[in-house]
Every structure is written in C-alpha cells, then in structure tokens.
1. List the pairs whose first member sits in the stretch 111-129 and is without any contact (Cβ under 8 Å) to a residue 24 or more places away in the chain, whose second member is buried (at least 23 other Cβ atoms within 10 Å of the Cβ), and whose Cβ atoms are under 9 Å apart, counting only residues at least 6 apart or on separate chains?
2. Within the stretch 212-242, count every residue that is small (Gly, Ala, Ser) and either surrounded by fewer than 24 Cβ atoms within 10 Å (Cβ to Cβ) or touching a Phe, Trp or Tyr at 6+ places or on another chain (Cβ under 9 Å) (or both).
3. Kindly check whether there is at least one residue in the stretch 59-79 that is hydroxyl-bearing (Ser, Thr, Tyr), assigned by the TED database to the domain that holds Ala111, without any contact (Cβ under 8 Å) to a residue 60 or more places away in the chain and touching a Lys or Arg at 6+ places or on another chain (Cβ under 8 Å).
4. Is it true that some residue in the stretch 71-84 is crowded, with 24+ Cβ neighbours inside 10 Å, in contact with an Asp or Glu (Cβ under 7 Å, 6 or more places away or on another chain) and among the hydroxyl-bearing types (Ser, Thr, Tyr)?
5. Filter the stretch 249-294 down to residues that are over 23 Å from Asp95 (Cα atoms), not charged (D, E, K, R) and not assigned by the TED database to the domain that holds His336, then give me how many there are.
6. If you go through the stretch 370-405, how many residues are part of a loop (DSSP other than H, G, I, E, B) and more than 21 Å from Ala334 (Cα to Cα)?
7. Which residues, taken from the stretch 275-298, are of a type in the set (A, V, I, L, M) and closer than 20 Å to His159 by Cβ?
8. Out of all the residues in the stretch 314-328, which are out of contact with any helix residue (DSSP H, G or I) (no Cβ under 8 Å at 6 or more places or on another chain), assigned to a loop (DSSP other than H, G, I, E, B) and open to solvent by less than 50 Å² (accessible area, probe 1.4 Å)?
Amino acid sequence: PEETVTSSFASFIHAVRPEHLSKTVRHRSKRMILDSIGVGLVGSTTPVFDIALQYCQELYSPVAVSSVYGKPGLKLSPTLAAFTNGVATHSMDFDDTWHPATHPSGAVLPALLAASQMLPPGTKPNGMDFLLAFNVGLEVQGRLMHFSTEAHNIPKRFHPPSVVGTMGSAAATAKLLSLSRLQCTHALGIAASLAGAPMANAATQAKPLHVGNATRLGFEAALLASRGMEANPLILDEIPGCSGFSVFYSVYQPKPLPAPSDHHEFLLEKQDVAFKRFPAHLGMHWVVDAALSVRNLFINYAGSFSPSLIRTIVLKIPVSKYINRPFPSSEHQARHSFQFNACTALLDGEVDLSSFTESSIHRQELRELLDKVVVEHPEDNVANFDKMYGEVALLLHSGDVLIGKCDTFYGHWRKPLSKESLLKKFRSNASHVLPEGKIETIITMVDNLENLSDSSQL
C-alpha cells in the first residue's frame, strides 16, 4: 500500500536516531524524567498505589525482573511494574502536563524503565537509546493530539493520557525494543484497541489507573507486535465509515509524521511542559497563584489574614465541570476543586502535600471560607491550558474589593521552573522513600543520561 498516516508514524518510530535530538530537547526531556521519577517515588506512599501493588502481587505470579517505585528489593513482571509505577506517578496528580492537554511522562517512562530491566545482559539499551525512546513516546502523543482541535482544550470525554499515552507507550517501547517498521505499525494498531478511559473517573481513585494502564498496555501492545500479532495498518488514518483512532475525537484530521531528517524538530523543541509545584490538577495552579497574590494584598490591607472581614470570595474560572467542586469530601476531589485550592491558599498561604490530608480537607475554618465562594465564568476565560486565567476577588464587609489574578503560574511552560526549583521538588519527593545518597545518584545519572552505558541502572 501507499504511504499512509499510520505508516508514516511507524516509519518515523523506526527511523529516528539519537542525533535527531537537539540540545534543547535533551535538556527538557531530562528535566521531565527527573521530575517524573520524583513524583512516582512520592506517589508510592499513597493508598491508591498500595491497592494497585497488592492487586499485582495477589493476582499474578510474576517473572520478577523489574523494580517498583519506593519498594527496595521488590520486583514484578515488566508490564505489571510499568502499571504499578504508572499508578504511582499519577496517584497525586503531581506529574507533568503538556499542551494540548495530557500527562506525557507518566504514560511512557515506567514502561521504558521496566523494559530496560527485562532485556537480557548484552542487549541493554544505553542512556541515549533510552532518551530517544522516551522522546519518541512524547512525539507520538503530541502529534496525535494535534489531529483534533478538541484536544487543545481541557477534555470532556476521554482522559488524554489513557488515549494518546497508550499510543506513546507503545511507540516508545517499540523503539527501545528495536521493532521493525511493520511491527511498529501493528504496535500502534494494537495499542488503539487498548486505549481510552472516561473523564467521569476524574477525582476518584480510578483516575491514576488511567496512566498505569496507558504505560502498561502500550508496553503490552509492543510486546504482542514483537511476537507477530497484527492489527489494522491504517489505524491512524481517516477511513470513512470505519473509525480507527478517530473514535476518540469528534473532529479528526490526521497528518503524516515526516520522516526524520538531519534537522528534524521534535514538538518538545517548540512546546515545553508544565511542572507542578503542588499535587493537584493543573488548573488549580492558576487559582492558587491568584489567591496567594490577593492574600498578600489583604495582609497589607488588614495587617493579617482575617476571614471574618471577608463577605464573599469570587472565583473567575473557565467552565470545566469536573474541576468545579464546591465542597470536596476526599483528597482526589480536593485535587480537582478550584474552590478548595483557592481557599486553602488563602487560609494557609500555601498549598502542598499536607493540604490534601483528611484533617486538612475537613477543617471548620476551611469550610467557612468555602461557604463564601461564588463562581463566575467570564466569556474570555476558556478551558485551555495555554489561554486560561484564574482570578480571586475578596469582597470585604467594609465595601472594599481586593483582586488577585494569574494568567501564567510559576511552573507553566511560559514561566518554567528553575533548575533549583525542579531539584528542590525532586529531592523533597524522593526523600519520602530514598536516602540522600541514592537521591543524589539519580540526579547525577539523569543529568548524564547520554553517557550511561546501561539504562537499566536507572
């Protein structure tokens, strides 16, 4: 058959080489890898991670070769290790976010870590191979999201990492395992049959499973393709009357992925990712920074933060139903509540890991602030991570009004975290389960990933 969109993707996966990665792409992707490991390590301390781990240990008899975040000495079969580590990465909603909206690293990195340990001695990929496979997984996710304008906004139907993340994991693993062009085609086709999860499970313990399944099932798709399983070779194309990958989008306009040339420009070159400063949905970072801004104005005005002086708290936010939660009752709901995060920032002057504990969520003084919240949806505030803003206005009993607004929070791709901030976040997250020496070893290893002779050491 002639070249198709699907075959062009397969050709790219098969043909791309380490030298195609620019200095910028290597730098940005290493930051993502380090952050994702840290997020996964701290995520291994969560109840939903414990459930996923127990599930894997009890229901399967694993060929134990692949490591599990935060559990020294414990190993699982490669795909189950990928699943468990994927759950850990998204268990606190602390992982990186791209535009169009998805969580790119968590759907790819756990599969590559597990696959590296799976391969026999003498065939282990080196660090540059690992870095290339990781970027293949990112590139495929980004290209697929650009097939639909719907994907550019905060999603309403499918959770993006469960869709494009599964495809990215399949592509990345296919690259790491050196699959043939035809096998890469089938890996994408198989992965499409394993993809998709509904947004209704956001703000529940099921949401982290979306990332766990994405990285695991994409990995399995590549393994199945390597063993000869076939799938539709036109899975990414627009076929009238027969939906392939287009089933996930209401508008779908696929474009070929150009073959890698000497000057191939990865999407990560053009579009950096956002790193979160606290563990909650990305949208929360706008309202938190706006709330912290108006809190400072309030303290200058009144001398201290005194909730009794506030009559009404007005939040101006985009229309996005699943993150508009007036009175969250669980940690996962709280991570997806504009109201909770704005009021927590007002009350405490920060939002961090401890903000989502049971005792913090159910504080009386926080409930009293939540009772004062009124939500407005300005027409110019769209549900899009590149265009939205957050505004928090305090209407005081005195009649005065104080306003804080944020259109670009610290950590957004327009205002990236500094190296110092990223390292501080990693060290803080990793310290929950690792001693200082190992933490510094990981930092050094990721920083010098191009020179690592055996990526399974990571």
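The values are calculated or read from the model by the stated rules, or taken from the named source; none is laboratory data. Quick caveat: nothing in here was measured; it's all calculated off a predicted structure. Cβ coordinates were reconstructed from backbone atoms using ideal geometry, including for glycine residues, and neighbour counts include every protein chain displayed. With ligands, DNA and RNA removed, areas are computed over all heavy atoms of the protein, side chains included. Shrake-Rupley method; radii C 1.70, N 1.55, O 1.52, S 1.80 Å.
1. Sorted first by the residue in the stretch 111-129, then by its partner, the list stays empty.
2. Start the filter on the stretch 212-242 by keeping residues that are small (Gly, Ala, Ser), which leaves 212, 214, 218, 221-222, 225-226, 228, 231, 241.
With the extra rule that they be either surrounded by fewer than 24 Cβ atoms within 10 Å (Cβ to Cβ) or touching a Phe, Trp or Tyr at 6+ places or on another chain (Cβ under 9 Å) (or both), the set shrinks to 212, 226, 228, 231, 241.
Here the count works out to 5.
3. Filtering the stretch 59-79 for residues hydroxyl-bearing (Ser, Thr, Tyr) gives 60-61, 66-67, 69, 77, 79.
If we keep only those that are assigned by the TED database to the domain that holds Ala111 as well, we get 60-61, 66-67, 69, 77, 79.
Next cut, without any contact (Cβ under 8 Å) to a residue 60 or more places away in the chain only: 60-61, 66-67, 77.
Then keep just the ones that are touching a Lys or Arg at 6+ places or on another chain (Cβ under 8 Å); that gives 66-67.
Yes, that holds for at least one residue.
4. Here is the first cut: in the stretch 71-84, the residues crowded, with 24+ Cβ neighbours inside 10 Å are 76, 78-84.
Pick out the ones that are also in contact with an Asp or Glu (Cβ under 7 Å, 6 or more places away or on another chain) and you get 79.
Checking the rest, the ones that are also among the hydroxyl-bearing types (Ser, Thr, Tyr) come to 79.
There is at least one residue in the stretch 71-84 that is crowded, with 24+ Cβ neighbours inside 10 Å, in contact with an Asp or Glu (Cβ under 7 Å, 6 or more places away or on another chain) and among the hydroxyl-bearing types (Ser, Thr, Tyr).
5. As a first pass, look at the stretch 249-294 and keep what is over 23 Å from Asp95 (Cα atoms): 249-265, 293-294.
Next, only the ones that are not charged (D, E, K, R) stay: 249-254, 256-261, 263-264, 293-294.
In the following step, the residues that additionally are not assigned by the TED database to the domain that holds His336 were identified as 249-254, 256-261, 263-264.
Total satisfying the criteria: 14.
6. Residues of the stretch 370-405 part of a loop (DSSP other than H, G, I, E, B): 371-372, 377-389, 397-400.
Retained after the next criterion (residues that are more than 21 Å from Ala334 (Cα to Cα)): 378-382, 386-387, 397-400.
Looking only at that region, the number is 11.
7. Initially, the stretch 275-298 is screened for residues of a type in the set (A, V, I, L, M), giving 280, 282, 284, 287-288, 290-292, 294, 297.
Scanning the stretch 275-298 gives Ala280, Leu282, Met284.
8. Listed by number, the residues that qualify are Pro318, Ser320.
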